[in-house]
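Derivation of every value follows stated rules applied to the coordinates shown; laboratory data play no part. The structure displayed is predicted, hence computed values, not measured ones. A quick note on method: Cβ atoms are made from the backbone with ideal geometry, for glycine too, and the neighbour counts reach across all protein chains shown.
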Amino acid sequence: MKIKKEFDFLVEDYGLEYLHQGFKNCYGGHWFIDTHSYYNKSGCFTIHDLPQRGEMDFFYAKRCSNIREELCEQDIRAVYPEFRRIEKEVYSDPYEELLTKSVNSWKFWKPLKIQNQYRDLMMKTLAETIKMMIERDGKFFGVKVK
């Protein structure tokens, strides 16, 4: 799992717990969601991965839970300016140029390949941002680690 590998530093370096869960039949349909939660007593950071649609969402909750809706207390995109910086960096001009070229070439495998590149870049950028937030503040997205 790329997500677990990319964020394992939270377990190894900062002592957070990790929980992977899969939830079926979400959002009123047959959607499957993988959740990757990193947590301690101060809170829970969860990555929602919706592989069928290629979407990832990021949430904070006061505690870890085995109920998906309880993991979604606070949408990180709506609260933290750091996340907007990450999205701006990931959606930079080279990415847009590559996407435009691929879509215009009518090769259907290329947009999927770019989508995977976007996901990889998003995870790497998010991991680096979390490391900077921890160094600067001793916490990231509401989860205290120091």
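Once fully extended, how much extra length lies between THR125 and PHE32, figured as 0.36 nm per residue of separation less the alpha-carbon to alpha-carbon distance? Provide the component values of the computation, followed by the final result.
Working: separation 93, 0.36 × 93 = 33.48 nm, distance 2.48 nm.
Between THR125 and PHE32, full extension yields 31.0 nm more.
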Pull out the extension gain between ARG77 and LYS4, defined as 0.36 nm times the separation in residues minus the alpha carbon to alpha carbon distance; nm, one decimal. 24.2 nm
Taking the Cβ of CYS72 as the center, what net charge do the other residues with Cβ under 15 Å away carry, scoring Lys and Arg +1 and Asp and Glu -1? -4
